[in-house]
Every structure is written in C-alpha cells, then in structure tokens.
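Every number in this text was worked out from the coordinates using simple rules, so none of it is lab data. Note that the structure is a prediction, hence the values are computed from the model and not measured. Because the Cβ atoms are built from the backbone with ideal geometry, glycine has one as well, and the counts that use them run over all protein chains shown.
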Amino acid sequence: MNVTEIADGVFFVEGPASNWVVLVGDGSTTLIDTGYPADAPLVDASLARVSAGAPLGDILITHGHSDHIGSVRRLTADGAVTAWAARDEIPNITRLELHQIGIGQILPTLWRPRFAKWTLHAIRAGGLKDPGVRDVASLEPGVARRFSGHRVVPRLTPGHTPGHLVFDLPDHGLVVTGDALITGHATSTTVGRQVLDAKWHWDAARAGEQAAPLLVDARIVLPGHGTAEARR
Ligand SMILES: [Zn+2]
C-alpha cells in the first residue's frame, strides 16, 4: 500500500490491485472506493494513518465492481456511515443486477501470463465473493456537495458500468476517475492515461466516449488502477 497526499486533505491510496482515495477535513473522513474485500486491513490502516481520528462519515462509490466496493458493506454495517452512488449504478452495487466480467470471459485469456496472474490475485482477494451492499443513497450527477470539507461534483460516465461516476474535485484541479480512465493495469502493457480493454466494459463504445475528455482535460487524475498522474 502506498499513501500519497495529493492536495491538502486528499490522500491517494494505491492498494495491491486497485486504488482508493481518502478525504479528510471538517472533523470527518470520506472514502472514495474501498478496494477488494481482502483489502479490508489496508483500508483500515490507511484511514487510521491519515484521518487523525476524524470518524468516517461517507463512502462515495465510482461503480459496483468487487475491487471497488470490497469494504463498503463492512464499513456501513453500524448505520453511522452513508454509502453514495449514482442511481443507475445502485442495482449493480446491491447485486440486483451484475455487470462484471465473469469466469466465462476470463477462461479464454488464461493462457496469457498477465491474465493468469491477475485472475489468481482477483480470486485470492475475494473477487468471487459477493460484496453486495444493501443501503446505498443516490447522488445527483452534476450537483456539487461537500464531503469532509471538500467540494465534490459527481459526473455520470456510463460505459464501464451503467452508472459509473467520476468525482471532480474542482478546488484541487483533480478528478477521481475510477475505471472510466486508468493509468495502468496488471493486464495492460501500456502506462499512462488509457481506457481499459473493451472486454472489461459494460458498453465499450460509451466507455471510450466518456474517457475522451478526461484524457485531455483533467489536470490531475486519481485512477482506479495505476498511479496518480498530473498532465504535463
Ligand atoms: Zn471496474
């Protein structure tokens, strides 16, 4: 796990296979995404390291894949923490529907070492467990809200999943992109801003369209996979 303070009170955490972001301010802490179920100890350690004791109040979810919502159910179980996502993504998060790559799509790729390694990690990290969350509040896309003192604008970016959100933090010039735009992936040989391979997306054409402005406009991207990247 690698924790970097990107801006005042904005911490980017690189987990073993996916990333999350911690916002700290105004006496509370907010998480954006939460890694795989097996990343729970790392999620807790990252919160303990940067929150200075400010309690977790909210979790913002980019999308319902198990490498992003692994700790949501656990952290919201006592009712003191609210999980938020786009209305169109909630069925994927509650597992009413499931838009995620399955074993049927993975099997034909296993002869490729990168895919075999990724698959093994995904299974060990709890990727086949059901991390479905029951209570998720809906966030209005385009409407700014304050979380732990930071202005956050959720933007609907359907393509990777039906209701994927990226989170704009305009006061810091950065965008938390989830899987709408990444900068590296265990199964990819390229580094830098890129769109995940078509097979990972619910609708690959729309995923490409949504990523296009992020590729050029976002000053700093904090992706779901890969390192934080500032535009040169
Ligand atoms: Zn994903």
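What you get for the chain, charging only the Cβ of Lys and Arg (+1) and of Asp and Glu (-1), is a dipole of about 500 debye around the Cα centre.
Charged side chains reduced to their Cβ positions (Lys and Arg at +1, Asp and Glu at -1) give segment 3-107 a dipole of some 260 debye around its Cα centre.
Taking only the C-alpha atoms of the chain, Rg followed by Dmax gives 16.1, 50 Å. In the elastic network of the chain, a GNM with C-alpha springs shorter than 10 Å, the most mobile of Leu31, Leu56, Leu128 is Leu128. A crude spin-label estimate for the pair Leu110 and Val143, with each label 7 Å from Cα along the Cβ direction, gives 4.6 nm. Working from label points 7 Å from Cα in the Cα-to-Cβ sense, the Val216 to Asp8 distance is 3.3 nm.
Per residue, the average separation of C-alpha pairs within less than 8 Å and at least 6 apart gives segment 149-230 a relative contact order of 33 percent. Segment Asp135..Ser28, full-extension length gain: 36.5 nm, with 0.36 nm per residue of separation and the alpha-carbon distance subtracted.
When only Cα pairs below 8 angstrom with a gap of at least 6 residues are kept, the chain shows a relative contact order of 18 percent.
Backbone amide hydrogens, once placed in the peptide plane, bring His164 within less than 5 Å of Thr157, Gly159, excluding anything fewer than 5 places away on its chain. Extension gain, Arg124-Ala198: 0.36 nm per intervening residue step, less the Cα-Cα distance, totals 24.2 nm. Taking springs between alpha-carbon atoms closer than 10 angstrom, which of Thr157, Thr109, Thr187 fluctuates most in the Gaussian network model of the chain? Its mean-square fluctuation being the largest, the pick is Thr109. Distance from the alpha carbon centroid of segment 169-232 to that of segment 19-66 works out to 20 angstrom.
Along the axis of the charge dipole computed for the chain (Cβ charges of +1 for Lys and Arg, -1 for Asp and Glu, origin at the Cα centre), the listed residues Leu222, Pro131, Ala116 are led at the positive end by Ala116. Spacing of the modelled spin labels on Ala186 and Ala77, each 7 Å from Cα toward Cβ, amounts to 2.5 nm. Phi angles of segment 13-21 translate, via the Karplus equation with coefficients 6.51, -1.76, 1.60 and θ = phi - 60°, into HN-Hα couplings of 10, 8, x, x, 9, 8, 10, 9, 10 Hz per residue; Gly and Pro are given as x. Each DSSP beta bridge with both residues in the chain is either parallel or antiparallel, and the antiparallel ones are about 65%.
Considering only Val22, Val81, Val152, the Gaussian network model of the chain with Cα springs below 10 Å gives its largest mean-square fluctuation to Val81. Computed about the Cα centre, the dipole magnitude for segment 144-194 is approximately 140 debye when only Lys and Arg (+1) and Asp and Glu (-1) carry charge, each at its Cβ.
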